[in-house]
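> Provided herewith is a single structure, encoded as structure tokens, for subsequent inquiry.
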């Protein structure tokens with residue numbers, strides 16, 4: 001009976017030892033865990049870079065460059081002048097030259113435009129376009145307020161492309 005117990009004990013020890021060594025094995029020749037980790041995060045870094053925008057105060061340095069531009073909507077106005085433009089100031093208020101002004105001309109507006117733009121006050125937005133300089137500030141013209149995306153809509157659009 002003593003031998004049976006010793007053989008059984010030896011078998012249990014061998015089984016446990018093999019499980020321990022198998023579970024803790026980390027042979028770097030079989031799997032390079034660190035490179036997999038780096039690859040995973042390199043992909044995320046690329047996504048973050050691609051899903052970014054040019055800040056409003058840098059738009060003046062990208063005249064003619066069709067890109068996404070963004071910042072927070074600080075004000076808007078519809079002064080009732082020739083062409084009935086609606087001006088949306090991003091990042092800084094008029095007359096600060098660091099602002100990005102988005103223009104929607106009267107021919108492209110309807111009864112809901114001002115309400116839509118008003119709902120964007122204080123929100124981070126992104127607009128795609130090619131800025132031009134007007135009186136020392138960057139300006140982009142759009143046809144419809146739906147071309148102003150909230151930052152969340154911008155990220156969703158990027159992730160779903």
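> Pairs under 6 Å by beta carbon, first residue at negative phi and in contact (Cβ under 8 Å) with a residue 12 or more places away in the chain in segment 65-76, partner assigned to a strand (DSSP E or B) and surrounded by fewer than 21 Cβ atoms within 10 Å (Cβ to Cβ), six or more apart or different chains?
Pairs found: 67/54; 68/128; 69/54; 72/124.
> Separate question: Need the failing condition index for residue 116 against (1) within 22 Å of residue 66 (Cβ to Cβ); (2) touching a helix residue (DSSP H, G or I) at 6+ places or on another chain (Cβ under 7 Å); (3) surrounded by 13 or more Cβ atoms within 10 Å (Cβ to Cβ); (4) without any contact (Cβ under 8 Å) to a residue 40 or more places away in the chain, just the number.
Answer for residue 116: the failing condition is (1).
> I would also like to ask the following. Within segment 64-100, take every residue that is farther than 19 Å from residue 133 by Cβ and in contact with a helix residue (DSSP H, G or I) (Cβ under 6 Å, 6 or more places away or on another chain) and give me the one that is surrounded by the most Cβ atoms within 10 Å (Cβ to Cβ).
So the residue we want is 76.
> Within segment 119-156, can you find the residues that are crowded, with 20+ Cβ neighbours inside 10 Å and more than 15 Å from residue 108 (Cβ to Cβ)?
If the condition is that a residue be crowded, with 20+ Cβ neighbours inside 10 Å and more than 15 Å from residue 108 (Cβ to Cβ), then 125, 126, 131, 137, 138, 149, 154 are the ones that fit.
> Being part of a loop (DSSP other than H, G, I, E, B), within 25 Å of the chain's Cα centre (by Cα) and touching a residue at least 24 places away in the same chain (Cβ under 8 Å) is the filter here, so list the residues in segment 78-110 that pass it.
91, 92, 98, 99
> I've got another one for you. Could you check segment 49-63 and list, in sequence order, the residues that are in contact with a strand residue (DSSP E or B) (Cβ under 7 Å, 6 or more places away or on another chain) and in a loop (DSSP other than H, G, I, E, B)?
First, pick out the residues of segment 49-63 that are in contact with a strand residue (DSSP E or B) (Cβ under 7 Å, 6 or more places away or on another chain): 53-56, 59-60, 62-63.
53, 63 - these are the residues of segment 49-63 that are in contact with a strand residue (DSSP E or B) (Cβ under 7 Å, 6 or more places away or on another chain) and in a loop (DSSP other than H, G, I, E, B).
> Moving on to the next point. Whether any residue in segment 41-48 is over 30 Å from residue 152 (Cα atoms) and at pLDDT below 50 is what I want to check.
no
The values are calculated or read from the model by the stated rules, or taken from the named source; none is laboratory data. These figures come from a predicted structure and were not determined experimentally. Note: ideal-geometry Cβ built from the backbone for every residue, glycine included; neighbour counts use all protein chains shown.
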